[in-house]
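Presented below is the structure to which this report refers.
Laboratory data are not the source of any read-out in this text; all were calculated from the coordinates shown. Just so it is clear, the model here is predicted, and its values are computed rather than measured. Note that each Cβ is placed from the backbone with ideal geometry, even for glycine, and that neighbours are counted across all protein chains shown.
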Amino acid sequence: MDEHPYTSGLEDVHLVHNSVPELDLDEIDTAVTFLGRKLSLPLIINAMTGGIKEALDFNRDISELGVQFNIGIAVGSQTIALENRQLAESFKIVRKVNPGGLILANVAANTEPQMAVRAAEMIEANGLQLHLNVPQELAMREGDRKFKGLKDNIAEIVRISPVPVIAKEVGFGMSRETARQLFDLGVHILDLGGRGGTNFIAIEQARSGVLADEFTSWGIPTAASIAEISSLNLPLQLVASGGIRGGLEAAKALALGADIIGIAGRFLRVWSEEGKKGLEEEIERFRYHLKASMLMTGSKTLTELRRTPLVIGGSTAHWLTARGIDVSRWARR
Ligand SMILES: Cc1cc2nc3c(=O)[nH]c(=O)nc-3n(C[C@H](O)[C@H](O)[C@H](O)COP(=O)(O)O)c2cc1C
């Protein structure tokens, strides 16, 4: 499932090393507050279902890991459970297992607003992800072809939702223009889901999709998308996702301006191959690598990490410069 012919651009982003950090690993603090909850790590296991036969087992395992590590989790699209109530159990399990943790609901952005609210209520969610996936729909033979009215629908969901709404891309990234439009609709949390990880065009093409293979390069790489949106300086909370595999890439994304990281495909692969124990070890490794990266930049907290200098090169620098964003703002701070 996790097909990624292109990179996230985070390989172009370099944290500047500090030889005398004056810190012990034990005092590195990776806590973050997101949606009013204090998490121990800036990490969300991002939305996944559809195609996972063992949805109940997967959701139970990630909820238990959510409790164990005090991290967030998002369920996959709940549309099927809104249509067939018997399927709701595979989603409700996440709240049963983790009554006090951070859990995000998930529906398509064109979901009828009352239904979207029901999805959030189904799992007593702390936030509601609305996924945006136009390229994926266009790649599917039977996918949607009508996208007018999406913005009004999002604004209405924001108006009636009892919990904060998160607009979420699924691997094609968000430009600063998109971010600004969503912000103006009242969406103040964005999951930019950049190109570089799970590639739904490649996945759909493998299943006899109707876009050509050359479309697999479509989208804004994750690094460029984070930099574009954070350069707006809007009071947004930014979830960086799309091709992030571990703690070093997470540290780079956070230093570029993200508040929290979402990982989907990589975690699903580890879970499928090595089970819950393997995923537990993977998250443990994520924690160690994030802390090590923070220590080596002399950052005791995530706030300090977000002030550490970054050198951006390669095609990410090229992209940002072409878009009028001066990469020295990260290099010389
Ligand atoms: C098997 C699978 C199922 C997914 N299902 C959903 C979904 O139901 N809703 C959604 O918003 N995103 C879904 N996603 C997208 C992820 O949440 C994420 O945005 C995307 O995979 C990019 O992150 P990654 O590169 O870490 O995988 C799915 C991803 C995978 C791999």
Self-check item: Range in the chain, longest, excluding exposed GluC sites (Glu not before Pro) [loop by DSSP; at most 14 other beta-carbon atoms within 10 Å]
Solution: 143-333
Quiz prompt | Theoretical ellipticity at 222 nm over the chain - DSSP helices of four or more residues, -39500 (n - 2.57) apiece, nearest 500 | solution = -12500 deg cm²/dmol
Exercise. Name the aspartates and glutamates eligible as straight-distance cross-link partners of residue 148: C-alpha to C-alpha under 19 Å, and not fewer than 8 places from it in the same chain.
Key: 112, 137, 156, 169, 177, 184
Self-check item: Pairwise FRET efficiency - residue 234 versus residue 151, Cβ, R0 = 22 Å, nearest 0.05
Solution: 0.80
Exercise. For residue 34, enumerate residues with amide H under 5 Å from its amide H, sequence gap 5+ or separate chain, H modeled in the peptide plane.
Key: 39
Exercise. Take every DSSP beta bridge with both residues inside the chain and express the antiparallel ones as a percent of the total, to the nearest 5.
Key: 20 percent
Quiz item: Does a label point 7 Å from the Cα of residue 80, set along Cα-to-beta-carbon, have any residues of the stretch 17-48 with amide nitrogen under 14 Å, and which are they?
Solution: 48
Practice problem: Would you mind computing, in nm to one decimal, how far apart the modelled labels at residue 134 and residue 29 are, each placed 7 Å from Cα along Cα→Cβ? | Solution: 4.2 nm
Quiz prompt | Rough spin-label spacing in nm, given labels placed 7 Å along Cα→Cβ, for residue 281 and residue 301 | solution = 3.5 nm
Self-check item: Net charge over other residues, Cβ less than 13 angstrom from the Cβ of residue 112 (K, R count +1; D, E count -1)
Solution: -2
Practice problem: Please work out the Cα center distance from the stretch 247-322 to the stretch 60-81, rounded to the nearest Å. | Solution: 20 Å
Quiz item: Could you name the lysines in cross-link range of residue 146, using Cα to Cα under 26 Å and dropping any fewer than eight places away on the same chain?
Solution: 168
